[in-house]
Amino acid sequence: MFVDKAGAEPMRALAAGAIGRMDPTDILSVVASAYQNSDGEWHGFDSEMQGPLSTLSQTHIGMQSLLWIEPGGGLSIDLTVEFLRRSQRDAGCWDEPEEILKHNQPPWMIPGDRDNQLWLT
């Protein structure tokens, strides 16, 4: 399988789970330890984002993976939801952190852009 040869360990775990070769608990252990911070935020999932920064976009990808791995919920999902609750803006939207501007981010991650805020929300 291509992912076995070319993918990083967390992606190999997700692929193995998708075809029934890895238990969800083991997948979660690998994926969360690689990408999830203790506050629920996610980093490193998106190769388009250069730099060690956690972002809303990557947290969104992390949440999608968690829902696949743990459809009934669990601590990682709870932490992610709590992070999202804390990071929602007063106006009701979400936005990428300003620190992202220090990195070579793609245009769809630029904070303050209304279109990006709508997509994240």
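Multiplying the residue separation of residue 47 and residue 11 by 0.36 nm and subtracting their alpha-carbon distance yields 11.8 nm. Summing +1 for each Lys or Arg and -1 for each Asp or Glu among the other residues whose beta-carbon sits under 10 angstrom from that of residue 56 gives -3. Under the simplified labelling scheme, the residue 4-residue 67 pair shows an inter-label distance of 3.0 nm, with each label point 7 Å from Cα along Cα→Cβ. Highest mean packing comes first when the peptides 99-109, 22-32, 69-79 are listed by Cβ atoms within 10 Å, giving 22-32, 69-79, 99-109.
For the chain, what is the charge dipole size about the Cα centre, in debye to the nearest 20, if Lys and Arg each add +1 at the Cβ and Asp and Glu each add -1 at the Cβ?
220 debye
What does the charge count around residue 93 come to, taking other residues whose C-beta lies under 12 Å from its C-beta (Lys +1, Arg +1, Asp -1, Glu -1)? Please report the intermediate quantities before stating the final value.
Numbers: positive: 89, 114; negative: 90, 95, 96, 113, 115.
Surrounding charge for residue 93 is -3.
What is the local net charge at residue 75, summed over the other residues whose Cβ is closer than 13 Å to its Cβ (Lys, Arg +1; Asp, Glu -1)?
On the way: positive: none; negative: 39, 70, 78, 82.
Net of charged neighbours comes to -4.
If R0 is taken as 30 Å, the Cβ-Cβ distance between residue 121 and residue 18 corresponds to a FRET efficiency of 0.60.
Between the helical axis of 24-35 and the longest alpha-carbon principal axis of the chain there is an angle of about 40 degrees.
Applying both filters, DSSP loop and at most 12 other Cβ atoms within 10 Å, to the GluC sites (Glu not before Pro) of region 17-87 gives 48.
Cα axis of helix 75-87 to longest principal axis of the chain: angle in degrees, 0 to 90, nearest 10? Once rounded, one gets 10 degrees.
With axes computed from alpha carbons, what is the tilt in degrees of helix 9-18 against the longest principal axis of the chain, rounded to the nearest 10 within 0 to 90? The two axes meet at around 70 degrees.
Bear in mind that the values in this text are calculations on the coordinates, not laboratory data. For clarity, every value in this text was computed on a predicted model and none was experimentally measured. Cβ atoms come from the backbone with ideal geometry, glycine included; neighbour counts cover every protein chain shown.
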